[in-house]
Every structure is written in structure tokens, then in C-alpha cells.
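Right, one structure below, let's go through it.
The values are calculated or read from the model by the stated rules, or taken from the named source; none is laboratory data. What you see is a predicted model, and the numbers here were worked out from it, not measured in a lab. Cβ placement follows ideal geometry from the backbone for every residue including glycine, while neighbour counts extend to all protein chains displayed.
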Amino acid sequence: MECRHKVKEFGSSKGNNEYHFAVYPDSRKDFKEQLKSVEKTYRMLLKKKKISSSTSVIRKIFLSDILNQTKMLKNSCLVKGLSSLDSAGVSIVEQAPADGSKLALYAYHVEGIRPISNSKNIIEFEKNGLRHIFVLGLEPKTELSSVALQTRDIFEKLSKILKTKKASFLNDLVRTWVYLRDIDKDYEAMVKERRKIFSHKGLTSRTHFIASTGINGINSCKKTLVGMDAYIIRGTSPGQIEYLRETPLMCNPSRYGVTFERGVKVNYGDRVHIFISGTASMDQKGAVKHLDDLLAN
């Protein structure tokens, strides 16, 4: 059975197309059947759009039970690849889909890219003179027992990758996705540690921060409290990246001690990419709206 799906295609007369795919299976089926239907629908969509698997950049797979589903998932084309030309990076996280299904797929494809490298968790390609780098599935040392220590370790690993790629936190890091096993308990500790790291790297309220989402997400290792994906662009020109700091409805997050921008805009010659951060339900003064009322919040 074909899955429900959404496809967004962007392009211009000056450049090659980009494609965003979201695929959702029938929630009434078991995991094996849902996985097969996602694979089938994904392949069908690529064929329908006449897109080669060589355009694959990343796939993010959201699971309802990562410990019991990962083994079967890793034998699928979503992880192993659609063909020998498919060099996509893969991020796997437990975030149960809201519709009750056991998995969901997001895939990003870009035409006209020149792959540079694809290691275990680093996907790098060149387009129009810029290096685009996705870092997926970063994990800390599991012997570190606190979320603060794991946060520091994971950002230190990101820092080493940036240095290897001749990039920096201040000039080239665009966005992060930080996954916390227990966000209610550990978010504050992660935020405090991240604030110290960013300050050391030159990211402050006087310069800028990045787009980011801190969200509940579980890794396949039981001892991992924090996980992360990141996106880096190396080679942008001054002024090419702009930052959304406040809106008429929302204040700058730094006002209540959180170090991210509301959004980041990357300007290209023929298009614009906008990355919007995740956020809580806050008002213009930084106070939580509709406290204790989940639906209104």
C-alpha cells in the first residue's frame, strides 16, 4: 500500500532543483510492513520525479521504538542506500510520529551537487563554490555520566570536525538539532553548558548565535543522554547569512538565557534558505504562555 507523502520541489532557471520528501506509513500495520511501504513509496516518488539516487543528501528516520526497530531498519535501503550512487547520510532518532505510525521518513535531495566525502556521519558536497557539510548522529562518550559532560563532549567533537573542515562556529555553523533523552529533566543543564561553549567560541549576544532545535529524542545507546545533528556551510560571503532575532510576537531568546536565533536566512543568487528554530510557547517578554494548558500552549 502506498504511504501518505508530501513532496516540496524548489528550483529556478539559474540553478538545479531541490526536493524535500516526507513519507508516512499506515499506522495500522506492523513495523516490517510499514518499513516496506515507506521504502516502496520513496522509490516510487523518486521515479515519478525522475530523480537519480545520486542526488541524495540526507535521510532522517524517526522511530517509535529505536531499540527494537534499528536492526531491521539498518538492513533497509533507507540506511544501506538506494543504489551504489546513493551516498546520503542517515540520522536515526526515536521520536514517535504524532499519527501513531511506527516510523516516518524525511529525505533531502539536491541536483547538480559534487560529493566531496561521505564517512560514517559526515556528508560533504560542493555547489556553486560553497561547501555544505551535514554532521549526523553525533554521540558523546557514554562513560560520561551527566548531561553537562555529555553536552561538552559532543560540542567538542563538533569543534574538531569544524577545525578539520577549516570552518568555525562563528562563521560557518548554521544549525544544530540537539536531542535529549529526557528533555524535561536535562534541558536546563544542556542550555547552561552550551552557553559556556558558545561564549568560548565567539557566539554571544554581541555577535550572533545559530538556528537550533532542542527536542526530546532517544539514541540507540541507553547511556546516551544527548545526541546531535548539525549543518555547516563553508565559504559564504559577509552579509550572505542573516539572523532573525525578534518578532512582534516573540523576543530574542537570549533575553531568557537561551543561545539560539529565532531563524537564520542564507541568501543565494537564485534562492533563499530559511532555517527556523524550534521554540516553546513564549510571549514577547520571554514568559511562557498558557502555563498548564497543553492545548492552548
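Yes/no per residue for (1) buried (at least 18 other Cβ atoms within 10 Å of the Cβ); (2) not assigned by TED's automatic domain parsing to the domain that holds residue 204:
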{"site": "94", "(1), (2)": "yes, yes"}
{"site": "97", "(1), (2)": "no, yes"}
{"site": "147", "(1), (2)": "yes, no"}
{"site": "158", "(1), (2)": "yes, no"}
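Taking interchain pairs and intrachain pairs at least six residues apart, which have beta carbon atoms under 6 angstrom, with the first residue in the range 144-166 and over 14 Å from residue 231 (Cα atoms) and the second among the small types (Gly, Ala, Ser)?
Partner pairs satisfying both residue conditions: 147/189; 148/189.
Identify all residues within the range 1-23 that are under 21 Å from residue 65 (Cα atoms), surrounded by 16 or more Cβ atoms within 10 Å (Cβ to Cβ) and either at pLDDT 95 or above or among the acidic types (Asp, Glu) (or both); write none if there are none.
23
Given the range 13-114, what helices (runs of 4 or more DSSP H) lie entirely inside it while holding 3 or more residues that are closer than 17 Å to residue 137 by Cβ and without any contact (Cβ under 8 Å) to a residue 24 or more places away in the chain? If you could, list the steps in order and put the result at the bottom.
Details: elements: 31-49, 66-74, 77-80.
It comes to none.
Of all residues in the range 232-274, which are part of a loop (DSSP other than H, G, I, E, B) and charged (D, E, K, R)?
Let us first name the residues in the range 232-274 that are part of a loop (DSSP other than H, G, I, E, B), namely 235-240, 245-252, 257-260, 262, 268-271.
Once the filter is applied, which keeps residues that are part of a loop (DSSP other than H, G, I, E, B) and charged (D, E, K, R), the range 232-274 yields 245, 246, 262, 270, 271.
Just need a number here: residues in the range 255-265 that are in contact (Cβ under 8 Å) with a residue 40 or more places away in the chain and surrounded by fewer than 18 Cβ atoms within 10 Å (Cβ to Cβ).
2
Table: residues versus (1) modelled with pLDDT under 95; (2) closer than 30 Å to residue 199 by Cα.
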| site | (1), (2) |
| --- | --- |
| 64 | no, no |
| 78 | no, no |
| 91 | no, yes |
| 116 | yes, no |
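Suppose we keep only residues that are loosely packed, with under 15 Cβ neighbours inside 10 Å and aliphatic (A, V, I, L, M) within the range 208-254. Which one would you say is nearest to residue 186 (Cα to Cα)?
215
Looking at (1) farther than 20 Å from residue 210 by Cβ; (2) surrounded by 15 or more Cβ atoms within 10 Å (Cβ to Cβ), can you tell me which one residue 277 breaks?
Among (1) farther than 20 Å from residue 210 by Cβ; (2) surrounded by 15 or more Cβ atoms within 10 Å (Cβ to Cβ), residue 277 violates only (1).
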